[in-house]
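See below for the structure under consideration.
The values are calculated or read from the model by the stated rules, or taken from the named source; none is laboratory data. Not measured: the values here are computed from a predicted model. In this analysis, Cβ positions are derived from the backbone assuming ideal geometry, glycine residues included, and neighbour counts consider all displayed protein chains. Surface accessibility is based on the protein's heavy atoms, side chains included, excluding ligands, DNA and RNA. Shrake-Rupley method; radii C 1.70, N 1.55, O 1.52, S 1.80 Å.
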Amino acid sequence: MITKIIDEELIQAAKERILDAENVVITTHVSPDGDAIGSSLAICHFLRQLGKGAVVIVPNEMPGFLKWLPAADEILVYKEQTKISKELIANADLIMALDFNTLSRIDAMGIDVADAKAQKVMIDHHTNPGNFADVIISYPNISSTSEMIFRLICRMGYAPEIEKKIATCVYTGMMTDTGAFTYNSNSPEIYSIISELLKKEIDKDYIYRRINSNFSVSRLKLEGYALSEKMVVDEKMGVSVMSLTNEELTRFNYQKGDSEGFVNIPLSIKGVVLSAFFKEEDGKIKISLRSRGDVRANDIAAELFDGGGHVNAAGASTTDMTLDEAIKKFNNALPKYKAMIDQELSKEEYK
Ligand code: 5GP
Ligand code: MN
């Protein structure tokens, strides 16, 4: 049984705008992940099925492990195809903003979206939604935006029209945002939805392999290097810190997305409840945080680096400090979070 979590008025408000639209731009957050691309392509296929013009524009390059998704090759990259992207955004009558809560999450493209005459519909599962959209569908308790897209299409009355390619994109986002259903995934309805997706003939094992068994040799060597040479675990504290410099990334022939998932690995150590990963990329310091249970990674990312995210998966990026300074700032702040970490570590599962 799949319940009606999303408010009926919001469904109708989104449906009205979707049915009225002719040209839709779908956009999602910078450094898009599986949920960002999965939800965007799912709604894109659906809109095209309805006879709408629909295009996905991402702020910057997407990782290679998602490029096999149906129509991923048609995605425009704002940073590289700026002129055409600006035109499409200016001429759209509907902009769908997926998997992000504020325009700052889409970098320079945010200015164009803010200025656009289009109606705007936000569909997202991050806390604290901004108010840049005409319709704001924000449900932080739903574990992926892709699941929200599935719910939206069904509630609009188009469940029978969901084709395998839409189902494949939805499943990809649901799977990647829950670590293949290992966190944020205790809602029974997730599995009711998966059951529906399987009836649409998705090959979930194939999807898993395309995402997770798709690495280059150098990516795996970079992972080995990061773990053996760059991971610093404070077992007493329950915290791991790992970092990679620009030079190290270049040495291992780093391609966009190659370090995806590195931050999760230290959490597989017994008694590690907070993992931080710092990397120099595109002239910025990118910070990823992952945590267990009640250790609030999003609060730490917000307080230290003006970032955000979910309780157990958060991030930030900064140009205000060097890699070493960012690591130092994190380490120096740890005493402040010790009580929260100790509280988590007192639970039965770490004994
Ligand atoms: P990741 O570590 O995979 O880059 O990001 C994990 C989560 O943290 C993302 O899904 C997103 O919710 C959040 N996040 C990552 N980078 C940023 C950032 O620069 N700003 C904010 N507000 N959130 C971020
Ligand atoms: Mn997401």
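General observations
Residue-wise test of (1) within 21 Å of LEU197 (Cβ to Cβ); (2) within 16 Å of ligand 2 (Cβ to nearest atom); (3) open to solvent by less than 40 Å² (accessible area, probe 1.4 Å).
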position	(1), (2), (3)
ARG17	no, no, no
VAL24	no, no, yes
THR27	no, yes, yes
ILE37	yes, yes, yes
GLY51	no, no, no
PRO63	no, yes, yes
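- Restricting the search to helices (runs of 4 or more DSSP H) fully inside region 132-250 and requiring at least 3 residues that are within 16 Å of ligand 1 (Cβ to nearest atom) and either open to solvent by less than 50 Å² (accessible area, probe 1.4 Å) or not small (Gly, Ala, Ser) (or both) gives 145-153, 164-176.
- Test for ILE84: is it without any contact (Cβ under 8 Å) to a residue 24 or more places away in the chain, more than 16 Å from ligand 2 (Cβ to nearest atom) and among the β-branched types (Val, Ile, Thr): yes
- As a summary of the residue check, ALA326 satisfies the conditions (1) over 21 Å from the mean Cα position of the chain (by Cα); (2) within 20 Å of PHE100 (Cα to Cα) except for the one numbered (2).
- Of all residues in region 304-319 being farther than 22 Å from GLY293 by Cβ and part of a strand (DSSP E or B), the one that is nearest to ligand 1 (Cβ to nearest atom): SER317
- Residue match in region 96-110 (condition: away from ligand 1 (no atom under 16 Å from the Cβ) and over 30 Å from ALA159 (Cα atoms)): no
- Among the criteria (1) away from ligand 1 (no atom under 16 Å from the Cβ); (2) over 26 Å from GLU16 (Cβ atoms), the one PHE65 does not fulfil is (1).
- Of LEU267, LEU222, all but one fail to be in contact with an Asp or Glu (Cβ under 9 Å, 6 or more places away or on another chain) and free of Cβ contacts under 8 Å to residues at least 40 places away in the same chain; the exception is LEU222.
- Residues that are open to solvent by less than 10 Å² (accessible area, probe 1.4 Å) and either assigned to a loop (DSSP other than H, G, I, E, B) or within 16 Å of ligand 1 (Cβ to nearest atom) (or both), drawn from region 119-131: MET122, ILE123, ASP124, HIS125
- Sole exception among (1) farther than 19 Å from VAL30 by Cα; (2) touching a Phe, Trp or Tyr at 6+ places or on another chain (Cβ under 8 Å) for PHE277, by number: (1)
- Applying the criterion of being among the aromatic types (Phe, Trp, Tyr) and more than 12 Å from THR28 (Cα to Cα) to the residues of region 43-88, the residue that is modelled with the lowest pLDDT is PHE65.
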